[in-house]
């Protein structure tokens, strides 16, 4: 694959994905997009801000290479004001909107932003990091209401988009990814609940995800796939 690759989200997984792609895929111009980073090729982007997305569109337009790969590696489980809810009475509309903004609305609006740059004559991949807890069929424990629902919404958005793009861009592939539990800031408060052998390093998770993306084809578009290449029920 030759062209421009965007990794959106400069957190632990996103930065590692950009580094690994930059090292292994020499024909790709890999650009990491996010709020701040020391990565050698970096575009500032706030995925929750419409003006920032417009600036991203201008940067892609001015880049000499065709867009071939976009990976959305943004997500938020907790912040200073946001914590995953354990029970119904913990639900708060403001916190619910924050979770949906970053975990559901922003990824699909990113796809809207880059759509005009999808090549019709070359393969194109859009991968978005979701989470197994976004699976309705796999929900056995409950809790985490907003995060679960937001990831479920992201899955539905991209499942619908995969059907639209299959008609309009036959060489495009959309993949939803579950990276496992990765040793990053997002999951750190919950490490004590994770068996040691199921807590992945950023490096290990990145390799899992890159291998999955490289093996996807337009015929398999719209799949929800775990780090071990198994398909997750919706």
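General remarks:
- Among the criteria (1) surrounded by 19 or more Cβ atoms within 10 Å (Cβ to Cβ); (2) touching a helix residue (DSSP H, G or I) at 6+ places or on another chain (Cβ under 7 Å); (3) not in a helix (DSSP H, G or I), the one residue 69 does not fulfil is (2).
- Here segment 182-203 is the region considered, the condition is being buried (at least 16 other Cβ atoms within 10 Å of the Cβ) and not in a strand (DSSP E or B), and the residue that is modelled with the highest pLDDT is 202.
- Test: residue 94 is more than 25 Å from residue 58 (Cβ to Cβ), out of contact with any helix residue (DSSP H, G or I) (no Cβ under 7 Å at 6 or more places or on another chain) and either in a helix (DSSP H, G or I) or modelled with pLDDT of 95 or more (or both): yes
- Selection within segment 120-134: residues that are part of a loop (DSSP other than H, G, I, E, B) and in contact with a strand residue (DSSP E or B) (Cβ under 8 Å, 6 or more places away or on another chain). The member of this set that is farthest from residue 167 (Cα to Cα) is 131.
- When restricted to residues that are under 13 Å from the mean Cα position of the chain (by Cα) and over 15 Å from residue 209 (Cβ atoms), segment 7-31 contains 1.
The values are calculated or read from the model by the stated rules, or taken from the named source; none is laboratory data. The structure presented is a predicted model; accordingly, all values stated were derived computationally and were not measured. Because the Cβ atoms are built from the backbone with ideal geometry, glycine has one as well, and the counts that use them run over all protein chains shown.
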